[in-house]
Amino acid sequence: MDHAYTRLTTGQLSIASGLVLVSAGASMALSLGIERGLLVAAVRMVVQLMAVGLILDWVFALDHPAAVALVLVAMTLIAGVSAGWRAGASYRGMIANGLIGVTLGSWGASAIALLVVVRVHPWYTPQFAIPLVGMILGNTMNGVSLGLDRLTSELVARRGQVESTLALGATRWEAALPIIRSSVRTGLIQTINTMAAAGIVTLPGMMTGQMLAGATPLDAVKYQMVIMFLMTFAIVAGSIVAAILAFRRLFTADHQLDLSRLVERKAGG
Amino acid sequence: MSASVESMVDGQGRVDDAGGGGLSARDIGRRRPDSDEWLIRGLNLTVEPGERVALIGPTGAGKTVFLRAIATLDPIQEGAVRWSDRLVTGDFAPVYRSHAVYLHQRAAFDDASVERILRHPFTMRVHRGRAYDRARVIELLQGVGRGESFLEQSSRDLSGGESQIVALVRAIQLDPDLLFLDEPTASLDRATTRAVESLIERWREERRGRGSLVLVSHDLEQTRRVATRRLILTSTGLHPEN
């Protein structure tokens, strides 16, 4: 690291937070009606990030594999459950499918990241394990969630096509394959867009953070590339696994599409 | 990822030769999903090769539910469907359905040309070893007043009647032994209805009288024209007419 890392004081934080108040003032002056939501969100962010910061500070200080593993498992559970939860059409076991997809995809990619690519010793060094796994998890969650969403909605929308294919003698796999493909593709498109735009339209967050922490831009860029490649792998693996599990839930062993297994889940319920 | 993953999820299903058989459905019962209410129950039907059966009866008696059940498109909670004395279950189901094809009341296609839609079944494992026969398809289409250019048409631009014709030609070119027809002409004008019926007639000629039909229709005239046996489905079960 070439440059010293600049710690922020509470005073500096206060200056920045003052700008939220200015924004809230602008909202009131212009009758935008969002000042309340803005302040609540700002307070939530402060509380949530402080809590995470305190927990991670503690885990970093402990530097114990069990503590790191606990944090990683908790993050995986949250990401996995969020991936399988959606409002609208869902099926029994969808959350489990999301969790399995996210876990396999992101842990596979994370193991490669920590053990093969970055070669962290020991593997649980929190400074590497937590941010790397966290970023991979977040993106795998999005990919798997989009993929599952697409799979169920396409099965409903294209039920007639799937059924008439089955009626002509297609196996359930032959009938579902176009929809499984579309599901995996949907999960991956966001990553493709992010990769294509990286460095031109946006400076990716991880790279930005490393530069702020004093890394040279070229070093930061290398890490960013590694993480993008691993995320891509995690999303592909996770969404293929989730799509196949969903497929097995919604088609019977007698090669029938059984949409009665889909139920409407209310938002927020 | 297709072939290898397929063997992982579905096993290696053998493509049996199970053509020419009869259909036997025994004690068929289907419950409303997640409920104790039976939509249909205890229904029996045997269809010998060449037989043409019409199911008639009041709306809501479960004609479509029964037809879908014996076409094995929906899970049933009671009873068994046999084809050529073989229980239709597991990997035999696609084989059965390649011989006994169900046609929906309204055909739904993905966006594609008519020809692509007609070619699609030949990509299925069960129809492997057979080839798309363009000349035959054109002949079938010409029989109902559609020329070769009809093949280039996009599925988006098909009328309801044309969709029905495409669905029927797609099934007939596979030489099925039995067709399940669910209100095949319900929303069609008279000319298109005649076209659909002539396609069915054409298929029966090609099958030399061994093509069987199970037809659900509320057009009583049609059931008289097309069927040799008429069964009435009421809440008390399936009864021969009279």
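With each label modelled as a point 7 angstrom along the Cα→C-beta vector, the residue B:46-residue A:260 pair spans 2.8 nm. With R₀ set to 25 Å, the beta-carbon distance separating residue B:122 from residue B:205 gives a calculated FRET efficiency near 0.60.
Residues considered: A:206, A:50, A:135. Largest GNM mean-square fluctuation over chain A, using C-alpha springs under 10 Å, is found at A:50.
When DSSP beta bridges are limited to those with both residues in chain B, what percentage is antiparallel, rounded to the nearest 5? Walk me through the numbers on the way to the answer.
Numbers: 18 of 35 bridges.
Percentage antiparallel, nearest 5: 50.
Relative contact order of chain A, taken over Cα pairs closer than 8 Å and 6 or more residues apart, is 27 percent. Look at the stretch A:254-261: the mean tally of other chain Cβ atoms within 10 Å of its residues' Cβ atoms is 6.
Rounded to the nearest 500, the helix-only mean residue ellipticity at 222 nm of chain B stands at -9000 deg cm²/dmol, with each DSSP H run of n ≥ 4 adding -39,500 (n - 2.57). Loop-located trypsin sites (Lys or Arg not before Pro) in region A:219-269 (DSSP state not H, G, I, E or B) with no more than 12 neighbouring Cβ atoms inside 10 Å: A:266.
Seen from residue B:154, the other residues with C-beta closer than 14 Å to its C-beta sum to a net charge of -4, counting Lys and Arg as +1 and Asp and Glu as -1. The trypsin sites (Lys or Arg not before Pro) found in region B:90-180 that occupy coil by DSSP, while having at most 16 further C-beta atoms within 10 Å, are B:106, B:128, B:130.
Between 0 and 90 degrees, the angle of helix A:172-197 with respect to the longest Cα principal axis of chain A falls at about 20 degrees.
Residue A:23 to residue A:127: FRET efficiency via 1/(1 + (r/R0)^6), r the Cβ-Cβ distance, R0 41 Å, to the nearest 0.05? Rounded to the nearest 0.05, the efficiency is 0.75. Given in Å, the Rg to one decimal and the Dmax to the nearest whole number for the Cα atoms of the protein assembly as shown are 29.9, 97. Over chain A, dividing the summed -39,500 (n - 2.57) contributions of all DSSP H runs of at least 4 residues by the number of residues returns a 222 nm mean residue ellipticity of -25000 deg cm²/dmol. The calculated FRET efficiency for residue B:221 paired with residue B:154, based on their beta-carbon distance and R0 = 30 Å, is about 0.30. Take the Cα of residue A:192, step 7 Å toward its Cβ, do the same at residue B:187, and the gap between the two points is 3.5 nm. Restricting attention to the protein assembly as shown, close to 55% of DSSP beta bridges with both partner residues there are antiparallel. Exposed loop sites were defined as GluC sites (Glu not before Pro) in DSSP loop states (anything but H, G, I, E or B) carrying at most 16 other C-beta atoms within 10 Å; in chain B the longest segment without such a site runs B:38-240.
None of the figures in this text is laboratory data; all of them are computed from the coordinates on show. The structure presented is a predicted model; accordingly, all values stated were derived computationally and were not measured. Positions of Cβ are backbone-derived with ideal geometry, glycine not excepted, and every protein chain shown enters the neighbour counts.
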